[in-house]
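The values are calculated or read from the model by the stated rules, or taken from the named source; none is laboratory data. These numbers were taken from a predicted model, which means no experiment stands behind them. Heads up, the Cβs are rebuilt from the backbone with ideal geometry, glycines too, and the neighbour counts pull from every protein chain shown. Side chains included, ligands, DNA and RNA excluded: accessible areas come from the protein's heavy atoms. Shrake-Rupley method; radii C 1.70, N 1.55, O 1.52, S 1.80 Å.
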Amino acid sequence: QVQLVESGGGLVQAGGTLRLSCGFSGRKISDYVMGWFRQAPGKEREFVATASRVGSTRYAESVKGRFTISRDNTKNTVYLQMNSLKPEDTAVYYCAAGARSVLPIRIPEYDYWGQGTQVTVSS
């Protein structure tokens with residue numbers, strides 16, 4: 001069974017940076033596509049970024065150019081570097097792992113989820 005644990009969230013001012021980490025355990029991380037999603041209060045969970053097994057990436061338009069997803073399979077960890085943060089980036093951020101698609105952006109395409117980490121961006 002795959003387990004995912006997010007860390008690195010917190011409170012930051014607009015324009016600031018944060019780096020989220022997602023620790024992966026239970027299987028071989030290299031067998032999984034890894035993604036980040038977020039959910040703001042009162043809104044549905046939405047796609048943020050995904051990284052394929054070999055490191056190809058895909059981003060939501062709202063974060064393109066500001067966020068960078070990366071993975072270090074030797075450390076069983078996936079990262080989300082977030083720069084130029086905006087108040088509208090405030091949300092709980094979730095790490096997810098999927099075994100079926102190349103660069104999935106839909107929630108059902110992911111098989112495992114972490115518990116989430118809160119990111120709050122103040123104006």
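Within the set 57, 17, 68, 50, the sole residue that is open to solvent by less than 20 Å² (accessible area, probe 1.4 Å) and at negative phi turns out to be 50. Here region 76-114 is the region considered, the condition is being modelled with pLDDT of 95 or more and among the β-branched types (Val, Ile, Thr), and the residue that is farthest from residue 62 (Cα to Cα) is 77.
Does residue 11 satisfy being open to solvent by 20 Å² or more (accessible area, probe 1.4 Å), of a type in the set (A, V, I, L, M) and either touching a Ser or Thr at 6+ places or on another chain (Cβ under 7 Å) or assigned to a strand (DSSP E or B) (or both)? Criteria met by residue 11. Taking first residues from region 89-110 that are without any contact (Cβ under 8 Å) to a residue 60 or more places away in the chain and within 14 Å of residue 45 (Cβ to Cβ) and partners that are among the hydrophobic types (A, V, I, L, M, F, W, C) and part of a loop (DSSP other than H, G, I, E, B), the Cβ contacts under 6 Å between residues at least 6 apart in sequence or on separate chains come to 91/40.
Restricting attention to region 93-112, and to residues there that are of a type outside the set (Ser, Thr, Tyr) and crowded, with 18+ Cβ neighbours inside 10 Å, which single residue is nearest to the chain's Cα centre (by Cα)?
Step one: filter region 93-112 for residues of a type outside the set (Ser, Thr, Tyr), giving 95-100, 102-109, 111.
Restricting the remaining residues to those that are crowded, with 18+ Cβ neighbours inside 10 Å gives 95-98, 104, 109.
On the way: 95: 5, 96: 7, 97: 10, 98: 13, 104: 13, 109: 14 Å.
It comes out as 95.
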